[in-house]
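Accompanying notes for the structure given below.
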Amino acid sequence: MAAKLKKGDKVVVLAGKDKGKEGTIASVSPKTGKAVVDGINMAIRHTKQSQQSQGGRIPQPMPIDLSNLAILDKNGKPTRVGFRTEGDKKVRFAKTTGDVIDA
């Protein structure tokens, strides 16, 4: 299946403790169906001090399910993603406005 959400997309969280928050996708894992969004779904990781790192309590973004994310269109509204072919290229477009997402 084609990727509806990709790295670098601006998204809004639809469900969960961070509902309504916005951020950009840092990484996507299609195999697990999850994405890591900067500043969203933060958890505290306790790390032991070593010669390279300071250690302590480090906040880290955890993966969130792709079904709980919606891409933002040019108006800043959450939208679903569709696919269409323009010429010989397959492009993503926003269902609300019909605008092409991929530049």
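No value in this document is a laboratory result; all are computed from the given coordinates. Everything numeric in this text was worked out from a predicted model, so none of it was measured. All Cβ positions, glycine included, derive from the backbone under ideal geometry; neighbour counts span all protein chains shown.
Would you please name the residue that is nearest to Lys21 (Cα to Cα), looking only at residues in the stretch 56-75 that are surrounded by 11 or more Cβ atoms within 10 Å (Cβ to Cβ) and of a type outside the set (A, V, I, L, M)?
Residues of the stretch 56-75 surrounded by 11 or more Cβ atoms within 10 Å (Cβ to Cβ): 56, 58, 60-66, 68-74.
After this cut, where a residue has to be of a type outside the set (A, V, I, L, M) as well, the list is 56, 60-61, 63, 65, 68, 73-74.
Working: Gly56: 27, Gln60: 16, Pro61: 13, Pro63: 15, Asp65: 15, Asn68: 11, Asp73: 15, Lys74: 17 Å.
Going through the qualifying residues, I end up with Asn68.
Can you work out which of the residues in the stretch 18-37 that are of a type in the set (Lys, Arg) and more than 11 Å from Ile64 (Cα to Cα) is farthest from the chain's Cα centre (by Cα)? Spell out how you get there, then give the answer.
Just the residues of the stretch 18-37 that are of a type in the set (Lys, Arg), to begin with: 19, 21, 31, 34.
Still in the list and also more than 11 Å from Ile64 (Cα to Cα): 19, 21, 31.
Details: Lys19: 13, Lys21: 11, Lys31: 15 Å.
Going through the qualifying residues, I end up with Lys31.
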- Message: Looking at Ala15, Ala35 in this structure, which one is small (Gly, Ala, Ser), without any contact (Cβ under 8 Å) to a residue 60 or more places away in the chain and touching a Pro at 6+ places or on another chain (Cβ under 8 Å)?
- Response: Ala35
- Please report, ordered by residue number, the strands (runs of 3 or more DSSP E) entirely within the stretch 55-103 with at least 1 residues that are out of contact with any Pro (no Cβ under 7 Å at 6 or more places or on another chain), more than 17 Å from Thr24 (Cβ to Cβ) and free of Cβ contacts under 8 Å to residues at least 60 places away in the same chain. 56-61, 81-86, 89-94
- Complete set of residues in the stretch 24-51 that are under 23 Å from Lys6 (Cα atoms) and part of a strand (DSSP E or B): Thr24, Ile25, Ala26, Ser27, Val28, Ser29, Lys34, Ala35, Val36, Val37, Met42, Ala43
- Message: Testing His46 on (1) of a type outside the set (Gly, Ala, Ser); (2) touching a Pro at 6+ places or on another chain (Cβ under 7 Å); (3) exposed (fewer than 10 other Cβ atoms within 10 Å of the Cβ), one condition comes back false. Which one is that?
- Response: (2)
- For the stretch 76-89, name all the residues that are surrounded by 12 or more Cβ atoms within 10 Å (Cβ to Cβ) and hydrophobic (A, V, I, L, M, F, W, C). Val81
